[in-house]
Structures are given as C-alpha cells and as structure tokens.
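The structure under discussion appears below in the form of structure tokens.
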Number of protein chains: 2
Amino acid sequence: MQLTKRQEALIRSLSSRHGRRGSEFCICDGLRSSREILRLRPDLVEILILRDGVGVPEESPVEPVILSGQEFERVSRTVVSSQGIIVVARRPETVPPEAPVSGPFVLLLDRVGDPGNVGTILRTARAAGLREVWVTRGSADPYSDKVLRSASGAQFALSVREHGTLDEVVALLRAKGFRRIFRTAPGGGRNVFTEPELFTDSVVVLGNEGAGAGEIPGAVNVLIPMPGDTESLNVAQAATVILFEHVRRTCAAAV
Amino acid sequence: MQLTKRQEALIRSLSSRHGRRGSEFCICDGLRSSREILRLRPDLVEILILRDGVGVPEESPVEPVILSGQEFERVSRTVVSSQGIIVVARRPETVPPEAPVSGPFVLLLDRVGDPGNVGTILRTARAAGLREVWVTRGSADPYSDKVLRSASGAQFALSVREHGTLDEVVALLRAKGFRRIFRTAPGGGRNVFTEPELFTDSVVVLGNEGAGAGEIPGAVNVLIPMPGDTESLNVAQAATVILFEHVRRTCAAAV
C-alpha cells in the first residue's frame, strides 16, 4: 500500500508550524509515543507509516503503509528525527471551557515555551495520576511532534485544556470554585512542602522558562526550597516536585 | 583579537566525540552555562569567543575573541546551536576514588545515556544542595556540550565522580561505609516517600533509560508510586523526585 496524494499533502502540511496550527491532525514520529497513540486512541489514527523491516504494531487500526528506507526518509524529512514509524492522528476532542474540572487541583502552565518541557510535564502529570493539564495561550503547541515525543503520547491519555490568556483562565477557574491560586516564584513565598492547602480546590501555576508566571492578583507565591546555590530549577523539574508532592500526600493519606 | 591556529585546532578537535573523550578540555556554547563557567571557575577558562554585538561578560578571565557573524558561524558549526558565545575550558579536576564522599547519601547514575537527562540531573542535584553526583562508566560524557548546556554548567559547581562499572563503584562505596544500596525499579519495591533510611549512609541508584539500573546483590529495590497508568517516569524526573524528597526531609528536620 502506498501513500495517496491526499495523504502526502496532509503530511507535508503538518511539517510546518503554520500547517499544524490550523489542522485537526497531528504527526508523531517517536516509537514510544506512536505506540501509545495506537494503543490509547486507535479511533483517532488516520495514517500509519512504517519503514520496511519495522514490525507492524499488534493491533493496527488502519492498514499500515510500508515504505522502503529511501521513500521513508523522504517522507520523514518533515519530522525531526525518525525511528521508522510515523503516525498521523486526529487531535483529541477539545474540552469546552464549561466542562467540569477533573480533580481537586489544577496544574496550569503559563506560556511554557520549550516543547521538551511541556512534553515532559504532560508525561509526568499522567504518571502522577492527573486527568488534565491546563495551559495558557502562548504555550508550546501540545500536539507538535516534539511535544508528542517528549510526552510519550500522554496527550492522548489526558486532556490538555487551553482557554485563553492567564487572566481569562484564572477567572474561569475561580468561577468554577478554585479559590486558591498558588504561583511558583523563585523569589520567595510559602514552602510547597509545608503549605497545607496546596492541593485543595487550588490551582498551581508554573511559568515561562525566562519570564516566570505572569502576575495574578490575589495569588499566593510558593517556592520549592533549594539548598544549593542555583537560581532556579528547570520548569519541568519544578512541575515534577509539585506533582509528586501531591502523590506523596495522597499516598500518605491512603496508608 | 583573532583565534590562533592552536586555538582553532583545539576547537576543531572538541567537535568530535573522539576528540572530546581524550581531551582535558571541554567546549560550551550555551549562554547560561557559559556564564556559569566564567563565574564559577574562571581559572579553568582557556578561550572565550563572542559574536560581534554580544556583550562581554563582566569579569572575563581571558581576553575575549570577538568574531563577525560569519566567522562565528564557521567556528560554531562545531557545536550544536549557538547563542553567540563559546567557552573552551579545562575540565575540573578529577576526584580520586579514595577521596571522601561529601554528604550522607550518594546519587549514582548507572549508564544514563541521554545527554539531556544527565545534564538535567546534574542541574537539579546542584539545586538540591548535593556536592557530588556519581556516574558509572558508560554514562553520557558529563562534559559534552549538550550535557553542559542542559546542566547550566553545574559540572563546575559539583564533582562528577566516575570510578568504573556499577560493580566497582558499589564495592568502593560499600568500602567507604555506605551500607544501604537502594535501586530504583519500576516493578516494585519500597516506597521512596516512606522508606525511613533512604538517605542515611545510602546510595540511590538510577538506571539507564531503556535497561534500568543493573543488578546489585544485596540492594533494596525502591519505587516512586505512580497513580497514573504510565509504565515509568523519565529518569531525570525520577531523580528529581528523589532529590527533592531529600530536600523535603531536610527542611522538615530543620523546622
């Protein structure tokens, strides 16, 4: 089976940021993330391309297109690197703003821009048991190939909700009953390890790599204590500390 | 000031893995990591190259070589990407095996291969207040340009100790009085959040991205509880959880 002209055109359009932005599809070329998409949401898979010799995944929802090494190279040039598999899938359904929030606390990323950071946070949030992660407008596209790869396809296991700017998102969450907004700030604030209400009807905001999180009237600053002489943690590491502080408290409560 | 022929040759040799491996120098092209090297260990800086227009760092230990955009491009092709600054520095002094260990617990990376993971772990370990990180032979070169960049130069603030294979390193640490060896394993084991002796005369081993940590006779397996349906965390995230569990306990003890 060969790629149709329509499929080729779709893949080509997904190779540019502009083409991805407007599209209802996304393209993924990581082995692990592709397998996760096939496993979690086979209903969304549109095209599966394999390099000749790469094993066909057990349950393939569509007939795979097998390409010779050379043909595969030509197609895969549209994505960053390649492990012999490409999946084109529909993006999961967008959750409308009025949909209820799953869980007692919301992790909100404010314009986190590095695809590797956004992907790592999504993967870690999934491992920590979250059902959704919120992002503000201006964050890295959660469905770009880089974010899909570093998230190991977690986008297909949890909802990524984007409902506007930081102000808009905070107003929406307050209207939904989230009374406490905690904003991570390296400068100072309450200790994340001792703040008792960190995960009670609360929103924890992590900010852009350079600028940090935007100002939020009424928010409480929290910090991750750092005995070392570093000025800050990478945002994905900060998110990990907070997500697993939540897991730790939940475990302790369960014992 | 222009690059001398000897400097050009040194930079060229550092562009290959082979050249780096045997060298007493390393090359760094990240803005943040370069600044950290200049600040932390000016005595080790051999060459500082700036693209015309990039501000000269406040206290430069050597006379900077300012290159035009075009010349800079030619030189910087030896490194992955560029922010207008290149630092060539001597690697910090190797710590001999007999040197005492700093701290009550050792973080040991067993053949962690991804440069981004090793760098992120070093940066996070520094933030968590560790003075050293141990790695086994076969881990990513801690002084490669990629690891330097993702570590933000933490290699120049803490010691990275490499004393052989996993077996050799574990034997050395046991001989130094580290009685408890904890090995992170996704399969099962004691909970890192409740194991009371996790950081008492202990070694916590994190393993290779694919294969995990090697077998260690007498080691105790520990796991990071994961409520989500993921099979595992990225090794840098696992290290972050463990490092900041240590910070949390230390904070709590200090209060």
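The values are calculated or read from the model by the stated rules, or taken from the named source; none is laboratory data. What you see is a predicted model; the values in this text were computed from it and never measured. Neighbour counts run over all protein chains shown; Cβ positions are idealised from the backbone, glycine included. These accessible areas exclude ligands, DNA and RNA; they are computed on the full protein's heavy atoms, side chains included. Shrake-Rupley method; radii C 1.70, N 1.55, O 1.52, S 1.80 Å.
Yes/no per residue for (1) of a type in the set (F, W, Y); (2) touching an Asp or Glu at 6+ places or on another chain (Cβ under 8 Å); (3) under 30 Å from A:A125 (Cβ atoms):
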site	(1), (2), (3)
A:R12	no, no, no
A:F25	yes, yes, yes
A:D29	no, yes, yes
A:G53	no, no, no
A:S60	no, no, yes
A:G69	no, yes, no
A:S76	no, yes, yes
A:P104	no, yes, yes
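Quick one: which residue in A:E8, A:E73, A:E59 is assigned to a helix (DSSP H, G or I), modelled with pLDDT under 90, farther than 19 Å from A:D141 by Cα and open to solvent by 50 Å² or more (accessible area, probe 1.4 Å)? Steps first, please.
Values: A:E8 fails: modelled with pLDDT under 90; A:E59 fails: assigned to a helix (DSSP H, G or I).
Answer to the selection: A:E73.
Which condition number in (1) within 14 Å of chain B (Cβ to nearest Cβ); (2) farther than 18 Å from A:A238 by Cα; (3) open to solvent by less than 40 Å² (accessible area, probe 1.4 Å) is the one that A:R131 fails?
Tallying (1) within 14 Å of chain B (Cβ to nearest Cβ); (2) farther than 18 Å from A:A238 by Cα; (3) open to solvent by less than 40 Å² (accessible area, probe 1.4 Å), A:R131 fails exactly one: (3).
Working only within segment B:104-126, note down all residues that are within 11 Å of chain A (Cβ to nearest Cβ) and without any contact (Cβ under 8 Å) to a residue 60 or more places away in the chain.
Those that are within 11 Å of chain A (Cβ to nearest Cβ) and without any contact (Cβ under 8 Å) to a residue 60 or more places away in the chain: B:G119, B:L122, B:R123, B:R126.
Checking A:G22 against (1) open to solvent by less than 50 Å² (accessible area, probe 1.4 Å); (2) farther than 30 Å from A:R179 by Cβ, only one condition comes out false. Which one?
(1)
Please work out which one of (1) open to solvent by less than 50 Å² (accessible area, probe 1.4 Å); (2) of a type in the set (D, E, K, R); (3) touching a Phe, Trp or Tyr at 6+ places or on another chain (Cβ under 9 Å) is the condition A:D29 fails and give its number.
(3)
Quick check: is even one residue across segment B:44-53 free of Cβ contacts under 8 Å to residues at least 40 places away in the same chain, more than 20 Å from B:L158 (Cα to Cα), surrounded by fewer than 17 Cβ atoms within 10 Å (Cβ to Cβ) and out of contact with any His (no Cβ under 9 Å at 6 or more places or on another chain)?
Checking segment B:44-53: at least one residue is free of Cβ contacts under 8 Å to residues at least 40 places away in the same chain, more than 20 Å from B:L158 (Cα to Cα), surrounded by fewer than 17 Cβ atoms within 10 Å (Cβ to Cβ) and out of contact with any His (no Cβ under 9 Å at 6 or more places or on another chain).
Spot the failing condition for B:D167; the list is (1) open to solvent by 40 Å² or more (accessible area, probe 1.4 Å); (2) more than 29 Å from A:P225 (Cβ to Cβ); (3) in contact (Cβ under 8 Å) with a residue 60 or more places away in the chain, and only one is missed.
(3)
With respect to the numbered conditions (1) open to solvent by less than 10 Å² (accessible area, probe 1.4 Å); (2) within 17 Å of the chain's Cα centre (by Cα); (3) not acidic (D, E), which one is the sole condition not fulfilled by B:G116?
(1)
Can you name the number of the only condition in (1) open to solvent by less than 50 Å² (accessible area, probe 1.4 Å); (2) within 30 Å of B:L3 (Cβ to Cβ); (3) assigned to a loop (DSSP other than H, G, I, E, B) that B:V101 fails?
All conditions are met except number (2).
Quick check on my filter: what residues within segment A:234-252 are closer than 23 Å to A:P115 by Cα, within 7 Å of chain B (Cβ to nearest Cβ) and in contact (Cβ under 8 Å) with a residue 24 or more places away in the chain? Talk me through it step by step, then tell me what you get.
If we filter segment A:234-252 for residues that are closer than 23 Å to A:P115 by Cα, which is where we start, we get A:234-244.
Restricting the remaining residues to those that are within 7 Å of chain B (Cβ to nearest Cβ) gives A:234, A:237, A:240-241, A:244.
Once the filter is applied, which keeps residues that are closer than 23 Å to A:P115 by Cα, within 7 Å of chain B (Cβ to nearest Cβ) and in contact (Cβ under 8 Å) with a residue 24 or more places away in the chain, segment A:234-252 yields A:N234, A:T240, A:V241, A:F244.
Being within 13 Å of chain A (Cβ to nearest Cβ) and either open to solvent by 40 Å² or more (accessible area, probe 1.4 Å) or closer than 19 Å to B:A213 by Cβ (or both) narrows it down to one of B:R161, B:R149, B:R174, so name that one. It would help to see each step written out before you state the result.
Numbers: B:R161 fails: within 13 Å of chain A (Cβ to nearest Cβ); B:R174 fails: within 13 Å of chain A (Cβ to nearest Cβ).
Being within 13 Å of chain A (Cβ to nearest Cβ) and either open to solvent by 40 Å² or more (accessible area, probe 1.4 Å) or closer than 19 Å to B:A213 by Cβ (or both) holds for just one of B:R161, B:R149, B:R174, which is B:R149.
With the requirement that a residue be more than 14 Å from every other protein chain (Cβ to nearest Cβ), of a type in the set (V, I, T) and crowded, with 18+ Cβ neighbours inside 10 Å, what does segment A:188-223 give you?
Within segment A:188-223, A:V203, A:V204, A:V205, A:I216 qualify.
Can you list the strands (runs of 3 or more DSSP E) lying wholly within segment B:128-247 that have 1 or more residues being over 25 Å from B:H18 (Cα atoms) and hydrophobic (A, V, I, L, M, F, W, C)? Working first, answer last.
On the way: elements: B:132-135, B:159-162, B:180-184, B:202-207, B:220-223.
Ranges flagged: B:180-184, B:202-207, B:220-223.
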